[in-house]
Amino acid sequence: MYEVFNVGKTILLDGKPLSLVTPAGVEGWIEKGIPHSYRYDQVRDPLDGKMKYRCLYEKHGADVPFVLVNDPDDGDGRVILFDEQPDQSPVFNQRG
């Protein structure tokens, strides 16, 4: 079972630090020319128990990776999960 803890500005997921970023946040990095990269890893969806993929970003100068989440103002703020591993970044105008 995944445990999420908020420690200051850092989110710990199973003891590993993660920060959160929305698609708009990634677009902001792109617009500002901030170097970043992305990768996918598999996690178990807590709602249906199936294995799915999440997108993790690493931003130049940040100490912890970022997990892609829905915007809490427009959606549920949850981690964005994919049934199959996408071939590209979920932020389509990505240059990273």
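None of the figures in this text is laboratory data; all of them are computed from the coordinates on show. The structure displayed is predicted, hence computed values, not measured ones. Neighbour counts run over all protein chains shown; Cβ positions are idealised from the backbone, glycine included.
Being outside any strand (DSSP E or B), surrounded by 10 or more Cβ atoms within 10 Å (Cβ to Cβ) and among the small types (Gly, Ala, Ser), is that true of even one residue in the stretch 47-61? Checking the stretch 47-61: not a single residue is outside any strand (DSSP E or B), surrounded by 10 or more Cβ atoms within 10 Å (Cβ to Cβ) and among the small types (Gly, Ala, Ser). Of ASP45, ASP83, all but one fail to be acidic (Asp, Glu), more than 14 Å from GLY25 (Cα to Cα) and touching a Leu at 6+ places or on another chain (Cβ under 6 Å); the exception is ASP45.
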